[in-house]
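Derivation of every value follows stated rules applied to the coordinates shown; laboratory data play no part. What you are looking at is a predicted structure, and each value in this text was computed from that prediction instead of being measured. In this analysis, Cβ positions are derived from the backbone assuming ideal geometry, glycine residues included, and neighbour counts consider all displayed protein chains.
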Amino acid sequence: MKLYSLDNNPDYESLSNNPYIGEIEESAATYEIIRTIKGDFVIGVLDEKNDCAGAHEIKELNLEIGKEEIYKHNITCPCCGYEDRDSWECEDSNDEYECGQCGATIEYERIVTVEYSSELVKLPSIINAELKDKEVREN
Ligand SMILES: [Zn+2]
């Protein structure tokens, strides 16, 4: 199976127009992680007719169960690092969430922080005064 990169403005219609990664003997399925000498990849698109697939490179693959990715703006997969930019559509927490890139099951919890914005509506009392620099004393 030939692998093509989906990492920079990929052509999903014709996978062979994307940068060629190489060929593997195995036939992989969508979401499967391929570990090669060139790095780790996850299959994003399959073209079984032409025996090729589009894959995303995983910069830092983590295979440690229980490792937490904490305090990111979006749900981020601790395994492949994929960031779900539609996290706002998700429930407040979920322990059966499936990564949209590698298919790993992850657990997340939404942490809500409170911020305040303020706007001037009415000015405080202001006195424009002339300041005399010599003290006048009354006897
Ligand atoms: Zn993932």
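Some points to look at:
- Only lysine pairs 8 or more places apart or on separate chains count here, and in the chain those with Cα atoms under 26 Å apart total 8.
- Once the C-beta distance of Leu61 and Ser118 is scaled by a Förster radius of 41 Å, the resulting FRET efficiency is 0.35 to the nearest 0.05.
- Each of the peptides 12-19, 35-42 was scored by the mean count of other Cβ atoms within 10 Å over its residues; in descending order, highest first, they stand as 35-42, 12-19.
- Note that the chain carries a Kirkwood radius of 19.2 Å, evaluated over its alpha carbons pair by pair.
- Across every direction, the projection of the convex hull enclosing the Cα atoms of region 59-117 has a mean area of 4.7 nm².
- Reduced Cα scattering model of region 2-58, Debye log10 I(q)/I(0), q = 0.24 Å⁻¹: -0.89
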